Amino acid sequence: MEMVTPDMIFLGLSRHSHTYSSTSLSLAREFSKTRRVFYIDNPYTVKGLISLMISGKFKKTFEILLMRKVISKKGNVNVIQMPMMMSINFLPDNRLYHQLSRVNDFFIYKVLKRIIKRYKIHEFVFLNSFNSFYCRDVKMVLKPTVYIYQCVDYLNTPWLRKHGLRLEKEAVLGSDLTLTTSQKLLESFMKIKDKVFLVPNAADVQLFNKATEVRYPKELENIEKPIVGYIGNIDETRIDFDLILELARRNLRISLVLLGPYKKNDAGIRSIRRLPNVILVGYKDMSELPSYLSTFDICLIPFLKNDMTKCIYPLKINEYLAAGKKIITTDFSQDLYAFKDLIFIAKDHNEFISKTNELLDSKEGDDVIHERILVAFQNNWSARCLQIDRLIGNEVRST
């Protein structure tokens, strides 16, 4: 059986309105250049809609309640808005939970069947990117040509783990192909399934390559150089705040810029924001990130070493490389060693801090910068889509 550029239906945790880096959205956008792509926005639950209303997003709330925009075009991607789902995660793993889960799926399948008929979708790939809570029996109901489950992270919160551990295992075992973004996740799932493949994260390399030209954002115009910076989520599950504190206190000559969403009341945030040389920029649209990145003398990945970070292949590593920047990271994941000739991997706090000083004082040639950029261009989303296409083709030919 031969299949050329099949239609794709994505189900992910990220919603299309999110402008930060996302594996599922990035793949959907890249695949949409060569085929029709339908992206199911992570459905809002009753609880989620209440939070949406509280935040003042009344228009969005009523659009979901009234189902005014079932499908809309975002670039080349057809975005599907599902009806409101019941909030069932609080329930134990019992008969009621499974019955209500099937009811939620019934309404999702109802919408998808209508879209499949309307758009004359015949052979298609269904790719569930880290959202095992929905479409649990998609192979039986929709009969995709290939069903892929993609694990992009460790289930790190009690809310996710409550049903997620069991449902993710169910999704892996029920899939034709399972993809993981890190070596640790690959090793974990290979214990229970044969067709598991490593497809690491990538980057919008052309966007972040713009950071090779320095353009100071307003917030950083009066910031003292040198600037050492981090871009990404700033939360207590992954960021080593003790390392940030120590680095800022022992290097008063640096400005330490942290760019990304954070919670003001987190203990780690409260501890570092008192320091005069730490600048918390907050969330910025992805399109704005290159201008901030362009000002960094060194890029940091100051992650904790724990069960969650062991499973991370950080999106930001290729984003940093695309800008040609010096990079220093903690030793949190085995996937980092693929870049060991281009980045510095610190074993502990002292090594991280001493290497930061060493890198600030060192000069490097254009050849080193160009090598980083070259490696980044090899790790773009187009390359990842080609890899997935080969896996899909192999699966189709084997059936």
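Here are the numbers:
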{"read-out": "From the coordinates shown, semi-axes √(5λ) of the Cα gyration tensor in Å corresponds to which of (i) 38, 24, 21; (ii) 111, 27, 16; (iii) 27, 26, 22", "value": "(i)"}
{"read-out": "Mean Cβ count within 10 Å, highest first, over the residues of peptides 329-335, 207-213", "value": "329-335, 207-213"}
{"read-out": "Rough spin-label spacing in nm, given labels placed 7 Å along Cα→Cβ, for S398 and S287", "value": "4.2 nm"}
{"read-out": "Given charges at Cβ of Lys, Arg, Asp, Glu: the chain dipole, positive-most of H163, L247, G268", "value": "H163"}
{"read-out": "Inter-probe distance in nm under a simple model that places probes 7 Å from Cα toward Cβ, at R35 and R95", "value": "4.2 nm"}
{"read-out": "Within the chain, percent of DSSP bridges classed antiparallel, to nearest 5", "value": "10 percent"}
{"read-out": "For the range 131-145, Karplus couplings with θ = phi - 60° (6.51, -1.76, 1.60), whole Hz, Gly/Pro x", "value": "9, 6, 6, 10, 6, 5, 10, 4, 4, 6, 7, 9, 6, x, 4"}
{"read-out": "Linear extension gain, R166 paired with M140, 0.36 nm per residue minus alpha-carbon span", "value": "7.4 nm"}
{"read-out": "Antiparallel %, DSSP beta bridges [both residues in the range 205-378], to 5", "value": "5 percent"}
{"read-out": "Ranked by how many other beta carbons lie within 10 Å on average, peptides 314-321, 169-176, 143-150 from highest", "value": "314-321, 143-150, 169-176"}
{"read-out": "Set K184/K263; K47/K120; K263/K326; K74/K340; K74/K120 screened for pairs whose C-alpha atoms are more than 31 Å apart", "value": "K47/K120; K74/K340"}
{"read-out": "Kirkwood-type radius of the range 205-378, with distances r between different C-alpha atoms, in Å", "value": "16.1 Å"}
{"read-out": "Estimated dipole of the chain in Debye, rounded to 20 [Cβ of Lys and Arg +1, of Asp and Glu -1, Cα centre]", "value": "1900 debye"}
{"read-out": "Whole-number percent relative contact order across the chain, with pairs defined as alpha carbons under 8 Å at least 6 apart", "value": "15 percent"}
{"read-out": "Dipole of the chain [Lys/Arg +1, Asp/Glu -1 at C-beta], most positive-end residue of V79, Q183, L289", "value": "V79"}
{"read-out": "Peptides ranked, highest mean first, by Cβ atoms within 10 Å: ranges 291-297, 358-364, 267-273", "value": "291-297, 267-273, 358-364"}
{"read-out": "For the range 280-323 and the range 125-203, distance of Cα centres in Å", "value": "25 Å"}
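Each value in this text was obtained by applying a stated rule to the coordinates, not by laboratory testing. The structure displayed is predicted, hence computed values, not measured ones. For neighbour counting, all protein chains shown are included, and Cβ atoms are generated from backbone atoms with ideal geometry for every residue, glycine included.
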